[in-house]
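Here the structure is laid out as structure tokens; the discussion comes afterwards.
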Amino acid sequence: MTEENRPVYERVLKGGTVIDPASGTEAVLDVAVDGDRIAAVGEGLADGAAEVVDCTGRWVLPGLIEGHTHIFQYVSQVGAPSDEAHLRRGVVAASDAGTAGASTFPAFRKLVVEPSPMRILSFLNVSVLGLIDFRFGELTNPDTLVPDDALATAAENPDVVRGFKIRLSEDVVGENWQMLLKKSLDLAEQAGLPLMVHIGETSEPLPAVLDHLRPGDVVAHCYTGKEHGILDGSGVQSAVMEARERGVLFDSAHGKSNLSFEVARPAIADGFYPDVLSSDTSARNWRGPVFDLLTSMSKLVALGMPLNEAVARATVRPARLLGLESEGYGRLEAGGPAHVTVVEETEPVVLPDAAGNSITAPRFEPTLVLHGGTEVEIAPWRGL
Ligand SMILES: [Zn+2]
């Protein structure tokens, strides 16, 4: 083969609407891929390419990043299968939110992180036990919060541990919640990492929790329909807006029981979007009502969130939170790794929240997933 007639690019995703919030790109363009890299993003790249994928009418997105999930399968009763529930549905990197604690982390690393083709991270549970079984709160014995163990695990695994997690539900922390929250914040401060706080079943109203949080800490389940959520009689509480103002982050974390359309709809109408749009997938919900991250995105878009805002919160924003930007995740950029998720809108379907409401909305379906240039076999939507 001569120099002149060699294909210009190995594979070109042609004519889709590229939405790359990191660069502010939103236009019909081609994306050229050579090997494991994005070779170019632009117009008219398909000529001479070895393979052309027609993406007309579809969105070409950076490979999605799941900021909150539970994928410690076989060890934790709540663990969903990482690849089947995520990678094969368009997610190339995912952060497990506190399923593993210091005592179970070595198993998490060996059984989940290392074998997966995905990039997997952890917000380490502050309890050494982690979240093994929902019936038994991991902090009902407060002595299971061992700061030295959590700190040692974080220090030994900086490639995986990117924060800590505490569930502040009353049945997990009981009357010790302030003491346990303070200890968790202290250890997060020592490690220089954020703390994710699960709300939704707290014993006190949200402002009492927000008062403690630092810029960069994360409130999970911001659209929960349970008591002590973000709304008051007139909309999003001022204490929530003030916390956001000083840098506290909010994670939508749908989950089995923590997304209510009746909370999300007025909050979105108020312009209160989550910083991280996540599914909180687990063994308890990946066959419904959550299904996957794209379905969580479609629900919030159906409630009024602009698509590009939803994409940002499932790509570049979690990449930033998780320290993945330096590895090229969360963006579509020439020279960067070829992590790409191509999505089409399906016919409208009825989608449930976690509070007994439903909405009719187009579902978002992955049609092509590339992780580091490697094509992933897509799993069918589990709601079918
Ligand atoms: Zn969770």
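The table that follows gives values for the structure above.
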| quantity | calculated |
| --- | --- |
| Shape category assigned to region 194-271 from the gyration tensor of Cα positions, a/c cut at 1.5 | rounded |
| Antiparallel %, DSSP beta bridges [both residues in region 64-327], to 5 | 10 percent |
| Environment charge of Gly16, counting only residues whose C-beta is closer than 10 Å and scoring Lys/Arg +1, Asp/Glu -1 | -1 |
| Residue exposure sequence - Ser326, Ser278, Ser23, Ser260 - by fewest surrounding Cβ within 10 Å | Ser326, Ser23, Ser260, Ser278 |
| Karplus-derived HN-Hα couplings along region 161-169 (A = 6.51, B = -1.76, C = 1.60, θ = phi - 60°), whole Hz, x at Gly and Pro | 7, 10, x, 10, 9, 10, 9, 8, 4 |
| Cut-off of 10 Å, at most 13 other beta carbons, DSSP loop: longest stretch of the chain lacking such chymotrypsin sites (Phe, Trp or Tyr not before Pro) | 137-384 |
| Residue among Gly233, Gly67, Gly163 with the largest mean-square fluctuation in a Gaussian network model of the chain, springs linking Cα atoms under 10 Å | Gly233 |
| Residue-averaged [θ]222 nm for the chain, counting only DSSP H segments that reach four residues, each worth -39500 (n - 2.57) | -5500 deg cm²/dmol |
| At least 30 Å along the helix axis (C-alpha) and Kyte average at least -0.5, DSSP helices within the chain | none |
| Near-label residues of region 243-272 by backbone N, under 19 Å of a point 7 Å along Cα→Cβ of Val350 | 260-262 |
| Vicinal HN-Hα couplings computed from phi for region 25-34 (Karplus, 6.51 cos²θ - 1.76 cosθ + 1.60; Hz; Gly/Pro x) | 7, 8, 6, 6, 8, 9, 10, 9, 10, 10 |
| Separation of alpha-carbon centers, region 315-384 and region 85-132, rounded to whole Å | 19 Å |
| Label-to-label distance, nm, for residues given as Glu262 and Val8 (7 Å Cα→Cβ offset) | 5.6 nm |
| Karplus-derived HN-Hα couplings along region 69-82 (A = 6.51, B = -1.76, C = 1.60, θ = phi - 60°), whole Hz, x at Gly and Pro | 8, 9, 10, 8, 5, 6, 8, 9, 5, 9, x, 8, x, 5 |
| Summed side-chain charge close to Pro142 - residues other than Pro142 whose Cβ falls under 12 Å, Lys, Arg +1, Asp, Glu -1 | -1 |
| Set of lysines near Lys182 by C-alpha distance (under 20 Å), chain-local residues within fewer than 8 positions excluded | Lys165 |
| Most fluctuating residue given options Pro215, Pro289, Pro366, as computed from a GNM of the chain linking Cα atoms under 10 Å | Pro215 |
| Inter-label distance for Ala334 and Ser23, nm, one decimal - labels placed 7 Å from Cα along Cα-to-Cβ | 0.8 nm |
| Choice from Ala312, Ala355, Ala155 with maximal GNM fluctuation in the chain (Cα, 10 Å cutoff) | Ala155 |
| Residue-count net charge about Gly336 - beta-carbon cut-off 13 Å; Lys, Arg +1, Asp, Glu -1 | -4 |
| Region 64-327: relative contact order in percent, alpha carbon pairs under 8 Å with at least 6 residues between | 18 percent |
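Just so you know, all these numbers are worked out from the coordinates, no wet-lab data involved. Because the structure is a prediction, the values reported are computed rather than measured. Note: ideal-geometry Cβ built from the backbone for every residue, glycine included; neighbour counts use all protein chains shown.
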